[in-house]
Amino acid sequence: MRIDVVTIFPDYLAPLSLSLVGKARTAGIVDLRVHDLRDWTTDRHRTVDDTPFGGGAGMVMRPDIWGAALDELLGEDSHLLLPTPSGASLTQRRSESIAREDEHLVIACGRYEGIDARVAAHYADRGVRVSEFSLGDYVLNGGEVAALVLIESVVRLLPGVVGNPHSLVEESHGEAGLLEYPVYTKPPVWREAEVPPVLLSGHHGKVERWRRDQALARTAERRPDLLRRLDPAELDKKDRATLSELGWTVGEHGPVLPSPEAVAD
Ligand code: J9N
């Protein structure tokens with residue numbers, strides 16, 4: 001995969017030389033290049049922004065500078081990605097489809113006030129695949145951290161990057177739609193806290209059941225939104241018994257928590 005990142009802060013992307021993404025680069029699995037947007041300016045001050053039409057606080061990034069950069073970097077089969085707090089949140093499913101389908105990503109990191117809206121519209125009109133994405137409902141100063149997150153989440157899914165592909169499916173936000181169960185290692189007692197005895201029992205079936213129950217209980221407690229989205233066909237009798245003990249019932253659309261008002265007295 002080829003990835004081009006355009007930013008006014010190229011040093012912000014320095015961590016992409018480290019760890020797993022750094023290894024994927026040296027292994028030739030990903031060709032990642034970081035560009036300074038100011039290289040496409042033509043004035044003495046290397047200006048990339050201007051005041052907003054209609055007034056208001058802050059500055060807006062100029063379409064002419066972005067146009068010059070993106071005309072040069074986009075090819076026939078590129079996916080233009082724009083981090084913005086107004087985009088839909090990045091999800092594991094989205095990272096998976098990018099890792100599976102895209103040959104070339106161009107990530108345009110704007111500042112918080114944004115890039116002139118005609119830029120995304122222009123490339124979409126020209127037939128470029130354009131996606132605005134967010135990381136969540138909080139404000140960053142610019143798109144650089146969002147670019148780092150997207151790149152790490154996608155690159156780790158490329159064939160040959162993560163040593164054991166098994167660890168890619170057994171994790172939180174994996175296909176089961178549940179949070180991960182808690183994990184433990186040695187020592188078996190640490191500051192008087194014991195590892196749950198079932199994990200030391202050597203009984204594989206009991207361990208699997210315990211982990212599934214922990215995943216269900218954690219998801220119910222921490223992410224009821226995820227629990228409600230589970231496909232009821234994926235829940236067996238034992239899952240339903242566990243959920244019932246947690247106060248949930250499984251309806252035709254998935255698990256539901258009966259509201260107190262709905263209970264007859
Ligand atoms: N989730 C999120 C993205 C952002 C951005 S992208 C560019 C500026 C700010 N803030 N929050």
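Right, residue 198: within 20 Å of residue 109 (Cβ to Cβ), outside any loop (DSSP other than H, G, I, E, B), among the β-branched types (Val, Ile, Thr) and at pLDDT 95 or above or not? No; evaluated as a whole, the condition is false for this residue.
Check 34, 48, 30 and return the single one that is closer than 13 Å to residue 151 by Cα, open to solvent by less than 40 Å² (accessible area, probe 1.4 Å) and of a type in the set (A, V, I, L, M, F, W, C).
Step by step, each of 34, 48, 30 is checked, and only 30 is closer than 13 Å to residue 151 by Cα, open to solvent by less than 40 Å² (accessible area, probe 1.4 Å) and of a type in the set (A, V, I, L, M, F, W, C).
Filtering segment 240-256 to residues that are in contact with a strand residue (DSSP E or B) (Cβ under 8 Å, 6 or more places away or on another chain) and either surrounded by fewer than 12 Cβ atoms within 10 Å (Cβ to Cβ) or in contact (Cβ under 8 Å) with a residue 12 or more places away in the chain (or both) leaves 243, 248, 249, 250, 255, 256. Condition check for residue 140 on (1) out of contact with any strand residue (DSSP E or B) (no Cβ under 7 Å at 6 or more places or on another chain); (2) more than 7 Å from the ligand (Cβ to nearest atom); (3) in contact (Cβ under 8 Å) with a residue 40 or more places away in the chain: one failure, at (2).
Considering each residue of segment 88-107 in turn, none proves to be farther than 26 Å from residue 168 by Cα and within 16 Å of the ligand (Cβ to nearest atom).
Among the residues of segment 47-87 satisfying the criterion of being part of a loop (DSSP other than H, G, I, E, B) and within 13 Å of the ligand (Cβ to nearest atom), which is nearest to residue 126 (Cα to Cα)? I'd like the intermediate steps shown before the answer.
As a first pass, look at segment 47-87 and keep what is part of a loop (DSSP other than H, G, I, E, B): 47-48, 51-59, 62, 74-77.
Pick out the ones that are also within 13 Å of the ligand (Cβ to nearest atom) and you get 58-59.
Working: 58: 29, 59: 26 Å.
The extreme case among them is 59.
Name the single residue that is nearest to residue 229 (Cα to Cα) among those in segment 179-217 being open to solvent by less than 70 Å² (accessible area, probe 1.4 Å) and of a type in the set (Phe, Trp, Tyr). Across segment 179-217, the extreme among qualifying residues is 181.
The listed residues are 117, 176, and the only one of them that is out of contact with any strand residue (DSSP E or B) (no Cβ under 6 Å at 6 or more places or on another chain), within 19 Å of residue 67 (Cβ to Cβ), aliphatic (A, V, I, L, M) and away from the ligand (no atom under 13 Å from the Cβ) turns out to be 117. Residues that are more than 20 Å from residue 5 (Cα to Cα) and among the hydroxyl-bearing types (Ser, Thr, Tyr) within segment 43-73 comprise just one, 51.
In segment 117-157, which residues are in a loop (DSSP other than H, G, I, E, B) and surrounded by 15 or more Cβ atoms within 10 Å (Cβ to Cβ)?
Within segment 117-157, 128, 135, 140, 143, 156, 157 meet the criteria.
Of all residues in segment 117-166, how many are within 10 Å of the chain's Cα centre (by Cα) and charged (D, E, K, R)? Here the count works out to 1. Taking every residue in segment 52-77 that is free of Cβ contacts under 8 Å to residues at least 24 places away in the same chain and pairing it with any residue that is assigned to a loop (DSSP other than H, G, I, E, B) and of a type outside the set (Gly, Ala, Ser), at least 6 positions away or on another chain, the pairs with Cβ-Cβ distances below 9 Å are 56/113; 64/116.
The values are calculated or read from the model by the stated rules, or taken from the named source; none is laboratory data. None of the values given here were measured: they were computed from a predicted structure. Positions of Cβ are backbone-derived with ideal geometry, glycine not excepted, and every protein chain shown enters the neighbour counts. In case anyone asks, the SASA skips ligands and DNA or RNA and just uses the protein heavy atoms, side chains included. Shrake-Rupley method; radii C 1.70, N 1.55, O 1.52, S 1.80 Å.
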